[in-house]
1. List the residue pairs whose Cβ atoms are under 7 Å apart, where the first residue sits in the range B:77-98 and is at the interface with chain A (Cβ under 7 Å from one of its Cβ atoms) and free of Cβ contacts under 8 Å to residues at least 40 places away in the same chain, the second is more than 16 Å from ligand 2 (Cβ to nearest atom) and of a type in the set (S, T, N, Q), and the two are 6 or more positions apart or on different chains.
2. Looking for something under 29 Å from residue B:71 (Cα atoms) and either more than 7 Å from every other protein chain (Cβ to nearest Cβ) or of a type in the set (A, V, I, L, M) (or both) - is there at least one such residue anywhere in the range B:213-229?
3. Need the failing condition index for residue A:146 against (1) within 10 Å of chain B (Cβ to nearest Cβ); (2) more than 14 Å from ligand 1 (Cβ to nearest atom); (3) buried (at least 20 other Cβ atoms within 10 Å of the Cβ); (4) under 26 Å from residue A:166 (Cβ atoms), just the number.
4. Any idea how many residues of the range A:301-359 are assigned to a loop (DSSP other than H, G, I, E, B), facing chain B (nearest Cβ under 9 Å) and surrounded by fewer than 23 Cβ atoms within 10 Å (Cβ to Cβ)?
5. Only residues in the range A:187-198 that are farther than 10 Å from residue B:237 by Cβ and assigned by TED's automatic domain parsing to the domain that holds residue A:133 count as the first member; pair them with residues that are more than 6 Å from ligand 1 (Cβ to nearest atom) and of a type in the set (Asp, Glu), Cβ under 9 angstrom, at least 6 apart or cross-chain, and list the lot.
6. Being within 16 Å of ligand 2 (Cβ to nearest atom) and either at pLDDT 95 or above or surrounded by 24 or more Cβ atoms within 10 Å (Cβ to Cβ) (or both) is true for just one of A:408, A:391. Which residue is that?
7. Among all residue pairs at least 6 apart or on different chains, which show Cβ distances below 8 Å where the first residue, located in the range A:494-511, is of a type in the set (S, T, N, Q) and the second is outside any helix (DSSP H, G or I)?
8. Just the residues that are small (Gly, Ala, Ser) and either surrounded by fewer than 20 Cβ atoms within 10 Å (Cβ to Cβ) or within 18 Å of the chain's Cα centre (by Cα) (or both), please, taken from the range B:97-133.
Amino acid sequence: MMEGPRIQTREEMSSFLTENEGVDVNRLVPLPFPYEDWQDEPIPRLTDSQLERIVPGPDGIAAAQIPVPESDEERDRVVASFLEGLRKLLTKENNWTFLQPFILSLENCVKCQTCADACPIYTGSGEMEVYRPTFRAEILRKIVDRYIKPGGSIFPKLRGNDIELDWDVVVRLAELSYRCTLCRRCAQTCPVGVDNALITREIRKLFSQELGIAMPELHEKGTVKQLTVGSSTGLNPAGLADIMEFAEEDIQEKAGLNIPMPMDVEGAEYLVMHNAGEFLSWPENLQAFAIILEAAGIKWTLSSELLGYDSVNYGLFYDDVQYSRVALKHYEVAKNLGVKKMLVGECGHAHKALMPIADRLIPEELRVRTESCLVLLEDLVVNEKLLLDPSRNDFPVTLHDPCNITRSMGIVQPERNILKKIAPRFREMEPHGVHNYCCGGGSGFAICSSLNFSQWRTRVAGRLKFRQILEAFADEIGPGTKKYLCAPCSNCKGQMRDLINYYEAWDRCGILYGGLVELIVNAMVDVREGFIEWEMH
Amino acid sequence: MVGYLLGGWVWLCLVTFAGGCLLRAFKYATAPVHLRWDLYPVAHEPGRDHGGSYFEQLEWWTKKREKDHLAEIFAMAAEILLLKGVWENNRRLWWASFPFHWGLYLLVGTTLGLMAVMVGLGSPFVTVVLTAGGVIGGGLTCLGALALLVMRSTDQKLRLYTTPLDRANLLVLVLFGGLTVAIAVGFPGMNDVPAGLVSLLSFGGATIPAVWALQIAVGALFLFYLPLTRMVHFFAKYFTYHQVRWDDQPIEENPKMASRLQAALAFGVDWSADHVGGGRTWGEVATTIPGMEEGE
Ligand code: SF4
Ligand code: SF4
């Protein structure tokens with residue numbers, strides 16, 4: 001069973017940042033049947049040779065891959081740059097994008113801890129203090145109060161600004177900013193309206209925009225690659241053409257349909273924006289979209305322009321500059337193609353990046369109307385514009401709500417209306433909708449598997465989600481009944497795949513994961529039966 | 001002499017309180033327009049019961065936007081009057097926080113009532129109400145603050161995040177609440193209170209009993225430092241809800257905002273990381289990538 005939190009005094013809070021304490025897998029939230037006897041494998045520590053190069057977080061995990069400094073001068077430089085960045089974060093010139101919500105959250109937390117129990121990582125870990133939603137925010141607050149605000153060093157202990165800023169604190173704070181999926185479940189429960197996810201994102205931003213420190217999967221291998229090569233997957237237009245050719249053949253073979261993949265069709269109704277990860281990992285998702293749009297007689301297109309074929313925008317998770325560059329490019333592609341609208345495919349963060357967040361960034365001359373695929377699909381399914389046979393989906397189905405689509409955008413009902421129509425054995429997880437738990441792969445985590453991060457992601461970050469999945473299927477949990485975990489988001493699917501693999505949930509429980517369009521196509525009478533292939537992939 | 005000093009202290013505190021709150025509110029209100037950061041459920045959306053937004057509609061931009069202002073008011077009222085969020089998510093704390101907040105609300109109400117009497121709007125009924133307000137408000141404040149103090153000292157989760165000054169603040173409120181009860185009970189009908197306050201604030205030289213003087217001094221002290229603390233959440237919450245969580249207005253509905261955003265794009269950026277390429281305006285930084293040809 002869980003013990004209480006282990007730190008008891010204020011002084012220990014700082015020491016928590018500087019002393020390494022690995023995750024104790026025995027404290028993780030227990031799982032229900034058939035996992036009562038499940039023994040988690042411990043999360044490996046970094047090896048000595050890794051530790052020579054990389055500084056882990058206070059929990060022994062490394063995501064940001066912060067290099068070990070070569071000299072004391074370098075350490076001092078990091079601290080000075082951090083403080084400089086913090087000052088910039090508090091200026092309107094450098095941070096107009098989020099200054100108001102940031103200072104509101106920084107200055108008004110009443111430390112009531114109402115948010116703590118809402119956090120899947122904090123609770124899933126067995127209440128490790130460094131994962132508490134307020135922990136990172138509180139460290140930052142103390143630093144601002146002590147080192148940035150005038151008179152900060154007067155009676156620091158009395159005022160709670162009892163933190164000594166040094167290199168250890170700075171780099172561990174950077175690393176800890178990658179232990180929160182920015183799911184904003186904590187923010188939802190805060191009576192004051194404070195948003196610890198936003199503060200965490202601001203910390204990431206400071207490190208990225210001032211010190212050039214960020215999770216490599218988000219930066220070098222993410223936005224930088226996307227802005228130069230065209231996609232964070234490394235896919236270039238030539239590779240894209242191959243994938244489309246393969247998709248056409250696959251549709252012919254699997255569904256018995258002859259559907260061309262339209263590319264760069266000027267003036268189309270929709271430019272469909274997919275997460276390019278789908279093309280490589282789940283091509284059936286791209287194919288299902290094509291089948292549905294063709295069946296509905298919609299004039300749609302894909303783009304082969306750089307960035308036009310990859311809707312991801314990892315800048316959303318760590319860097320306003322990179323975010324803006326990618327978002328502007330996306331809209332530029334759509335505008336140049338002269339499409340009427342953009343349709344965001346099954347990717348949660350792309351929804352948020354292209355719709356609400358971009359709303360105040362895209363200049364009028366580049367503006368293109370943008371819509372969620374879930375809303376269009378709802379129209380096609382509920383208004384019977386597709387011929388469907390729900391009995392083809394006669395297996396238990398549950399829905400994972402991507403945080404960015406539900407909690408951050410309020411698109412909740414369309415996907416449910418679809419499932420109620422096409423999946424007779426659909427059941428909800430609890431809690432669901434805007435109150436869902438994050439899959440544990442949010443804010444870029446799903447694409448990070450380096451060092452020991454994927455082990456942390458499956459055991460800790462995804463723990464509560466996995467428990468929810470088991471509970472949703474509890475009545476038919478045996479492996480004999482094949483079950484479908486519907487996750488209409490590429491990054492969530494990546495995390496679901498890793499959860500199912502780590503917990504052996506395909507073999508033990510017969511749980512398979514996939515998108516929503518695959519389920520729709522699986523029920524389409526014009527499509528050969530068995531579009532969903534019951535194989536773990 | 002004590003009366004003059006006390007009068008001066010009260011005025012100083014009142015001015016600091018008003019000025020401090022105004023400055024903080026001004027800081028929040030004049031911050032630049034930010035990118036959207038809505039969080040659902042949004043109280044004014046018709047789909048609020050399931051947390052829905054206008055994005056749930058096909059071609060949402062062609063639909064008339066329905067905004068239920070009344071629902072927003074109800075949601076705010078439930079938060080302010082019932083502490084609904086704390087009730088739902090932190091029941092244990094609610095038992096202390098709810099009486100504490102209501103104690104303060106009643107004390108604010110009682111003070112406003114006293115001001116009304118000071119300008120000649122008194123009546124026997126008002127006096128009874130004010131006495132009740134002082135006793136109940138003071139009592140709830142005192143007990144609520146005491147309960148919070150105990151919780152913040154014994155509950156490990158709260159203790160770690162509670163500073164010595166937080167405890168001192170709660171002690172001030174325990175004292176103030178207790179003294180208010182003593183005065184409301186000790187000055188039956190509170191008949192002398194309005195006149196005493198008028199004299200105090202106009203430096204009229206009336207003698208104020210020691211307990212009452214202490215109550216006034218402590219209450220004023222609380223007002224003095226309040227704007228420096230997170231207790232300004234009583235108005236900051238307006239911004240966190242209305243200008244962040246529930247701010248889902250699309251840009252085209254607000255041309256003023258569009259021009260403020262335009263101005264923001266002209267701000268100079270001096271972030272130091274290489275990929276930013278600082279030393280230029282936001283507009284330039286967002287549209288070019290260091291090391292690549294402009295517009296490439
Ligand atoms: S963020 Fe909100 S809920 Fe959490 S401790 Fe602060 S005020 Fe309380
Ligand atoms: S945003 Fe999500 S993961 Fe991060 S602290 Fe809040 S609840 Fe936890």
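The values are calculated or read from the model by the stated rules, or taken from the named source; none is laboratory data. None of the values given here were measured: they were computed from a predicted structure. Heads up, the Cβs are rebuilt from the backbone with ideal geometry, glycines too, and the neighbour counts pull from every protein chain shown.
1. B:83/B:97; B:86/B:97
2. In the first step, residues of the range B:213-229 are kept if they are under 29 Å from residue B:71 (Cα atoms); the result is none.
No, there is no match, as no residue in the range B:213-229 is under 29 Å from residue B:71 (Cα atoms) and either more than 7 Å from every other protein chain (Cβ to nearest Cβ) or of a type in the set (A, V, I, L, M) (or both).
3. Checking residue A:146 against (1) within 10 Å of chain B (Cβ to nearest Cβ); (2) more than 14 Å from ligand 1 (Cβ to nearest atom); (3) buried (at least 20 other Cβ atoms within 10 Å of the Cβ); (4) under 26 Å from residue A:166 (Cβ atoms), the one that fails is (1).
4. Looking only at the range A:301-359, we keep the residues that are assigned to a loop (DSSP other than H, G, I, E, B), and these are A:303-314, A:319, A:338-340, A:345-347, A:355.
Remaining after also requiring facing chain B (nearest Cβ under 9 Å): A:319, A:355.
Now restrict to residues that are surrounded by fewer than 23 Cβ atoms within 10 Å (Cβ to Cβ): none.
Of the residues in the range A:301-359, 0 are assigned to a loop (DSSP other than H, G, I, E, B), facing chain B (nearest Cβ under 9 Å) and surrounded by fewer than 23 Cβ atoms within 10 Å (Cβ to Cβ).
5. A:187/A:195; A:189/A:117; A:189/B:88
6. Working: A:391 fails: within 16 Å of ligand 2 (Cβ to nearest atom).
On inspection, the qualifying residue turns out to be A:408.
7. Taking only residues 6 or more apart or on different chains, the pairs are A:495/A:439; A:495/A:440; A:495/A:441; A:495/A:462; A:501/A:536.
8. Going through the range B:97-133, the residues small (Gly, Ala, Ser) turn out to be B:97, B:103, B:109, B:113, B:116, B:120, B:122-123, B:132-133.
Passing the criteria: B:97, B:103, B:109, B:116, B:120, B:122, B:123, B:132.
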